[in-house]
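Read the structure below first, then the notes.
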Amino acid sequence: MIAKLKKTALGQLLYRVSRTQVGTPLRYMADMLKNNQNQRAHSLPQHKKHNQRQMDILAAFERNPHTGIEHTRAKHIEAKQ
Amino acid sequence: MNAPHLPAQPYAPTQQPADIAFLERPILLLFSDDSTLFFARRMRTCLQAADPNLTIHLGWVVSENALSYRQMVQLLPEGPDFAFQDKADFHTLLHARSHRAILTSRVYRHLGDEISQKVTSVTAERPCVIGFLGGLDFTPKNGYKRRRFCDAVYIFPSPELAVFEDMFRDWPDRMWQEVEFGHPSFTTPQTLSPQELAARRDIYFFTQALSPSTQRGRLHMLRVMAAIAQANPDRNVWIKLRHLPGENQQHLHLEKYDYPGLADQLDHMPDNLKFTACTMDEALETAALGITCTSTAAIDVIRTGVPCMVHLDFVDNYVDPLVTPMRKLFADSRLITSLDEMLHLRAQAPDADWLETMFCTNDLGTRVLQNIENFSQRPFQLTSR
């Protein structure tokens with residue numbers, strides 16, 4: 001989307017303005033938009049949950065490569081029975 | 001580094017004997033980057049298997065070059081036979097009667113412009129232009145449009161042939177054309193014996209420039225590889241880089257966060273976790289397992305009979321546009337592997353039915369030669385202008 005905008009007259013005008021002294025807020029906003037962590041998708045609960053789950057699986061494996069999450073799940077099932 | 005000195009010569013048809021019979025002329029394979037060069041090398045092998053006496057030329061499309069000198073030396077030390085610089089070179093190529101066919105996995109703009117001309121299309125003795133897909137294509141319809149003027153088109157997976165036909169059946173400008181199933185990287189997989197696999201100790205992670213797309217996602221994959229290496233000290237875990245950091249700045253896919261750079265952020269780098277920029281063929285000679293996210297490397301791994309894992313659950317996968325189409329393409333393959341399964345190295349054999357739709361028979365070279373012969377006998381040819 002940004003690549004397309006750059007090719008338009010508006011995009012080129014914005015670029016020229018951003019290079020001037022009054023363009024500081026524009027440059028700040030562009031840096032914010034470019035930063036991955038500011039994407040809205042990162043704040044959705046299901047995405048946060050997904051990331052956390054992957055990090056938990058990895059952390060469990062790093063702690064004990066021979067057990068991991070499957071072992072934890074199996075123990076949980078055993079406890080229920 | 002000094003400017004590369006390559007034996008490629010500008011395309012000069014006078015160096016070709018023009019009076020050779022059409023079906024005895026050489027076949028030309030075009031390339032401009034690593035993907036297209038892999039295609040050219042594999043296609044050359046398929047054609048040589050069909051006819052060991054064939055003369056095959058490799059043509060470097062310089063105007064679209066995205067190969068570093070390191071890659072040129074690594075992948076094609078003997079250099080190309082011809083270099084194509086501009087529109088005039090392609091015009092000459094189409095009318096010089098120097099080659100019987102041009103095979104390409106990318107329809108270059110100047111080539112596409114030439115073959116879209118109706119008069120060129122019906123011109124007798126011009127080379128037959130055969131277009132293959134570039135590889136796994138997540139938006140194949142764009143690629144089909146670019147190949148609509150090719151004399152033969154090779155498509156995969158097999159159900160996509162019907163999609164292509166639906167798109168162009170009633171297209172008013174359609175000329176003589178054959179549509180086939182196949183790709184030189186997608187030929188019937190080999191089988192490795194359990195003993196052979198058990199003797200191999202190398203695990204390869206085939207990286208990509210674009211996927212995972214975030215720094216956090218890439219760092220997560222790096223940590224996963226480090227954890228596998230740590231848990232398996234008797235194995236080597238190789239992170240196979242497609243480009244060296246800073247290399248290929250003209251490539252379509254630019255790498256924002258390279259793995260060697262991210263490795264500095266790891267708490268501990270196991271000794272058996274290593275980086276390599278070897279070729280795919282070299283990697284697959286010793287690989288016991290190939291892991292990838294959304295790379296077409298998965299296909300090379302499967303074709304060589306090496307167990308393969310496609311991992312799509314990495315951190316930040318929801319912002320990666322390649323994940324959904326990759327999941328769709330591999331949905332029935334049984335190769336999509338969860339993080340837990342991957343960490344414990346539990347690979348599954350690919351589904352046999354899925355393999356049949358993706359991989360063509362090993363007679364690809366023979367079929368291409370038949371296309372060229374059929375092309376030479378097509379009706380309505382213009383013998384003089």
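The values are calculated or read from the model by the stated rules, or taken from the named source; none is laboratory data. As the structure is a prediction and not an experimental result, all values here were calculated from the model. Please note: Cβ atoms are built from the backbone with ideal geometry, for glycine as well, and neighbour counts cover all protein chains shown.
The set of residues in the range B:164-182 that are at negative phi and in contact with a helix residue (DSSP H, G or I) (Cβ under 9 Å, 6 or more places away or on another chain) comprises B:Phe164, B:Met167, B:Phe168, B:Asp173, B:Arg174, B:Met175, B:Trp176, B:Gln177, B:Glu178, B:Val179, B:Glu180, B:Phe181. For the range B:335-350, which residues satisfy the criterion of being within 26 Å of B:Phe156 (Cβ to Cβ) and surrounded by 15 or more Cβ atoms within 10 Å (Cβ to Cβ)? If the condition is that a residue be within 26 Å of B:Phe156 (Cβ to Cβ) and surrounded by 15 or more Cβ atoms within 10 Å (Cβ to Cβ), then B:Leu335, B:Ile336, B:Thr337, B:Ala347, B:Pro350 are the ones that fit. Within the range B:339-367, the only residue that satisfies the criterion of being small (Gly, Ala, Ser) and touching a strand residue (DSSP E or B) at 6+ places or on another chain (Cβ under 8 Å) is B:Ala347. Within the range B:354-375, which residues are touching a Pro at 6+ places or on another chain (Cβ under 7 Å) and among the hydroxyl-bearing types (Ser, Thr, Tyr)? Selection gives B:Thr357 alone.
From the residues in the range B:275-314 that are among the acidic types (Asp, Glu) and at pLDDT below 95, which one is surrounded by the most Cβ atoms within 10 Å (Cβ to Cβ)?
Filtering the range B:275-314 down to residues among the acidic types (Asp, Glu) leaves B:281-282, B:285, B:300, B:313.
Filter again for at pLDDT below 95, leaving B:281-282, B:300.
Details: B:Asp281: 13, B:Glu282: 12, B:Asp300: 24.
Step by step, filter the range B:275-314, then rank; the result is B:Asp300.
Within the range B:267-290, the residues that satisfy the criterion of being away from every other protein chain (no Cβ under 14 Å), of a type in the set (A, V, I, L, M) and part of a strand (DSSP E or B) are B:Ala287, B:Ala288, B:Leu289. Of the numbered criteria (1) away from every other protein chain (no Cβ under 14 Å); (2) more than 26 Å from B:Phe132 (Cα to Cα); (3) of a type in the set (A, V, I, L, M), the one B:Leu312 fails is (1). The set of residues in the range B:317-345 being hydroxyl-bearing (Ser, Thr, Tyr) and more than 28 Å from B:Glu356 (Cβ to Cβ) consists of B:Tyr318 alone. Within the range B:169-222, the set of residues being free of Cβ contacts under 8 Å to residues at least 12 places away in the same chain, more than 30 Å from B:Thr366 (Cα to Cα) and of a type in the set (D, E, K, R) comprises B:Glu196 only. Screening A:Ala3 against (1) loosely packed, with under 15 Cβ neighbours inside 10 Å; (2) small (Gly, Ala, Ser); (3) modelled with pLDDT of 85 or more leaves a single unmet condition, (3).
Does B:Met221 fit the bill of being at pLDDT below 95 and either within 14 Å of chain A (Cβ to nearest Cβ) or part of a helix (DSSP H, G or I) (or both)?
Details: at pLDDT below 95: no; either within 14 Å of chain A (Cβ to nearest Cβ) or part of a helix (DSSP H, G or I) (or both): yes.
Here the answer is no, as B:Met221 does not meet what is asked.
Among the residues of the range B:8-17 satisfying the criterion of being closer than 26 Å to B:Gly365 by Cβ and part of a loop (DSSP other than H, G, I, E, B), which is modelled with the highest pLDDT? This residue is B:Tyr11.
B:Ala298 falls short on exactly one of the conditions (1) within 14 Å of chain A (Cβ to nearest Cβ); (2) within 18 Å of the chain's Cα centre (by Cα), and that condition is (1). Which numbered condition trips up B:Leu210, out of (1) closer than 24 Å to B:Glu282 by Cα; (2) at pLDDT below 95; (3) within 14 Å of chain A (Cβ to nearest Cβ); (4) surrounded by 21 or more Cβ atoms within 10 Å (Cβ to Cβ)? Here B:Leu210 clears every test but (4).
So, in the range B:26-85, how many residues would count as being within 17 Å of B:Val107 (Cβ to Cβ), part of a loop (DSSP other than H, G, I, E, B) and at pLDDT below 95? Total satisfying the criteria: 3.
Out of all the residues in the range A:62-79, is one or more surrounded by 12 or more Cβ atoms within 10 Å (Cβ to Cβ), assigned to a helix (DSSP H, G or I) and either modelled with pLDDT of 80 or more or more than 14 Å from chain B (Cβ to nearest Cβ) (or both)?
Taking the range A:62-79 as the starting set, the residues that turn out to be surrounded by 12 or more Cβ atoms within 10 Å (Cβ to Cβ) are A:62, A:65, A:67-72.
After this cut, where a residue has to be assigned to a helix (DSSP H, G or I) as well, the list is A:62, A:68-72.
Still in the running and either modelled with pLDDT of 80 or more or more than 14 Å from chain B (Cβ to nearest Cβ) (or both): A:62.
Scanning the range A:62-79, I find at least one residue that is surrounded by 12 or more Cβ atoms within 10 Å (Cβ to Cβ), assigned to a helix (DSSP H, G or I) and either modelled with pLDDT of 80 or more or more than 14 Å from chain B (Cβ to nearest Cβ) (or both), so the answer is yes.
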